[in-house]
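To keep things clear, I will list the structure first and then write my remarks on it.
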Amino acid sequence: MNNWTRRKPVLPPGERSADALPPSLSWPQLMAMGVGAIIGTGILTLIGVGVDRAGPAVLVSFAIAGAVCACAALAYAELSAMMPAAGSAYSYSYAGLGEVFAWVVGWSLILEYSLVVSTVAVGWSGYASPLLMGIGFPEALTRGPELGGLINLPAVAIIAVVAGLLLMGTRESARINSVLVVVKIVTLLLFVGYTLPYFNAANLDPFMPYGYVAHVDGDGVQRGVMAAAAIIFFAFYGFDAISTAAEETKRPARDLPIAIIGSMAVCTLIYMLVAATAVGATPFTNFADSPEPLALILRSIGQGGIAQVVATTAVVALPTVLLAFLYGQSRIFLAMARDGFLPQRLAHISGRGTPTRITLLTALIVAVLAGLLPIGKVAALANAGTLIAFVAVAACMLVLRKRDPQRPRVFRTPLAWVVGPLAILGCAYLFTSLPTRTQLWCLLWNAFGLLVYLLYARRNSLLAARAG
């Protein structure tokens with residue numbers, strides 16, 4: 001039982017560990033990272049999946065998923081300012097809940113970040129492939145085996161490019177990310193501007209054709225508002241990637257809460273605008289489950305030129321999501337390697353201040369996944385891992401409020417004993433709304449993770465070694 005309760009001590013405010021990464025980021029770069037991570041495949045591609053499951057009521061699905069994420073974001077803001085560590089939810093769980101819980105959360109974060117990168121790479125390929133095939137690129141190399149192809153080579157290639165950017169250094173990749181985020185926001189506002197004049201309230205009727213509660217229809221598809229919310233939840237998270245940069249933040253107590261909350265607020269506003277104009281401009285059946293729904297909507301209203309701009313911009317700007325999550329995954333791996341849960345040689349830092357070995361290993365893993373898996377199934381499984389991490393963060397906030405009430409908290413979550421339980425219950429409900437197969441795969445993943453912990457991580461834990 002000692003393994004379950006053994007907790008990693010929290011460093012005093014302002015103190016950094018001897019092996020900490022060099023600080024180089026402030027809140028504008030962090031907010032750009034958050035916006036770049038949040039706005040991506042979720043709105044550019046998964047809105048088609050969402051309307052396929054909920055119809056025009058996808059607007060309600062966006063609101064529900066956004067509300068749950070907002071509660072989790074407040075918990076992240078408090079803990080990241082109090083514990084500016086690279087491991088994000090994994091590190092918070094180690095300090096608040098104990099070693100085994102930290103391992104499960106870290107294992108779930110591997111699921112989240114790795115599959116998010118894979119999903120976004122596949123989404124990017126959905127926009128890039130038509131352009132590539134237009135110049136003679138073989139179609140069989142733009143799809144994974146389950147879609148009748150050999151390998152999704154564009155998805156693999158973009159992961160390699162983003163990994164290369166990260167290896168250049170944190171500050172350099174953050175600058176490129178900031179420019180691409182501006183391009184992405186301008187493009188979405190362009191979509192809103194061109195589709196708004198075509199808004200027709202009749203396209204919202206019937207508003208909720210598949211009902212509210214998640215259910216499987218006669219075609220074997222999970223439908224309903226909550227089924228869509230459980231998938232669209234993917235569109236909102238990304239702010240947690242900001243917390244993985246805590247160790248490299250110049251003024252974490254101030255900059256992290258600003259970036260986490262600010263990026264959520266900006267992205268929620270943009271999402272609601274885009275979703276409302278999308279379902280109002282054309283019947284939802286026209287773009288349901290499309291790999292490029294926004295471009296398809298623009299073409300359906302006679303805006304082919306702007307559709308080409310949106311598709312091209314998606315090709316250019318979607319890699320910001322890859323950059324943020326691949327960055328985050330490497331930092332989580334780094335924290336786990338430092339604690340002995342992964343081989344410590346993976347924690348090697350290059351002269352540019354980046355974890356080179358872990359970045360390359362992560363890129364290799366997600367490239368294999370992106371080349372072989374379709375976007376819908378991957379996104380749902382990534383959501384499962386994220387929901388587990390969000391529950392853990394909200395629980396850690398409440399546990400530390402009770403256990404260590406006197407610790408300085410520069411940012412305090414308002415109404416913490418309301419927000420925390422809402423985040424936990426909301427995430428639990430969204431988890432139950434995921435497809436049954438997704439839930440089972442998630443449980444199998446974590447069961448395998450516990451086996452890895454018992455056979456390897458428990459024996460190599462540095463905290464256990466220090467405890468004697």
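The values are calculated or read from the model by the stated rules, or taken from the named source; none is laboratory data. Everything numeric in this text was worked out from a predicted model, so none of it was measured. Neighbour counts run over all protein chains shown; Cβ positions are idealised from the backbone, glycine included.
General observations
- Within segment 60-73, the set of residues being surrounded by 24 or more Cβ atoms within 10 Å (Cβ to Cβ) and over 16 Å from the mean Cα position of the chain (by Cα) comprises just one member, Ser61.
- Residue in segment 321-341 that is more than 30 Å from Glu172 (Cβ to Cβ) and in contact (Cβ under 8 Å) with a residue 24 or more places away in the chain present: yes
- Annotation note: of Thr320, Thr313, Thr386, Thr362, the sole residue that is of a type in the set (Val, Ile, Thr), surrounded by fewer than 24 Cβ atoms within 10 Å (Cβ to Cβ) and either at pLDDT below 80 or in a helix (DSSP H, G or I) (or both) is Thr313.
- Evaluation of Ala465 against the conditions (1) over 30 Å from Arg53 (Cβ atoms); (2) surrounded by 17 or more Cβ atoms within 10 Å (Cβ to Cβ); (3) small (Gly, Ala, Ser) shows that the sole unmet condition is (2).
- Lone qualifier among Ala230, Ala235 - being touching a Phe, Trp or Tyr at 6+ places or on another chain (Cβ under 7 Å), part of a helix (DSSP H, G or I), under 30 Å from Ser91 (Cβ atoms) and among the small types (Gly, Ala, Ser): Ala235
- Cross-chain or 6+ apart pairs with Cβ under 7 Å, segment 212-234 first and on the phi > 0 side of the Ramachandran plot, then modelled with pLDDT of 75 or more and part of a helix (DSSP H, G or I): Gly224/Arg53; Gly224/Ala54
- Within segment 184-222, the residues that satisfy the criterion of being farther than 30 Å from Gly302 by Cα and touching a strand residue (DSSP E or B) at 6+ places or on another chain (Cβ under 8 Å) are Gly211, Ala214, His215, Val216, Asp217, Gln222.
- Scanning segment 98-113 for residues that are surrounded by fewer than 24 Cβ atoms within 10 Å (Cβ to Cβ) and within 14 Å of the chain's Cα centre (by Cα) returns Ile110, Leu111.
- Test: residue in segment 296-303 that is surrounded by 21 or more Cβ atoms within 10 Å (Cβ to Cβ) and under 23 Å from Glu112 (Cα atoms): no
- Pairs are defined by a Cβ separation below 6 Å, a sequence spacing of at least 6 or placement on different chains, a first member in segment 149-166 that is in contact (Cβ under 8 Å) with a residue 24 or more places away in the chain and part of a loop (DSSP other than H, G, I, E, B), and a second member that is of a type in the set (A, V, I, L, M) and crowded, with 18+ Cβ neighbours inside 10 Å; no pair meets this definition.
- Looking only at segment 405-421, residues that are in a loop (DSSP other than H, G, I, E, B) and either in contact (Cβ under 8 Å) with a residue 24 or more places away in the chain or buried (at least 21 other Cβ atoms within 10 Å of the Cβ) (or both) come to 8 in all.
- Considering the conditions (1) surrounded by 24 or more Cβ atoms within 10 Å (Cβ to Cβ); (2) not in a loop (DSSP other than H, G, I, E, B), Pro130 is excluded by exactly one of them, (1).
- Filtering segment 297-310 to residues that are touching a residue at least 24 places away in the same chain (Cβ under 8 Å) and in a helix (DSSP H, G or I) leaves Ile297, Leu298, Ile306, Val309, Val310.
- Note on segment 211-226: residues that are surrounded by 14 or more Cβ atoms within 10 Å (Cβ to Cβ) and among the small types (Gly, Ala, Ser) amount to 3.
- Given (1) outside any loop (DSSP other than H, G, I, E, B); (2) over 19 Å from Leu115 (Cα atoms); (3) among the charged types (D, E, K, R), index of the condition Arg331 fails: (2)
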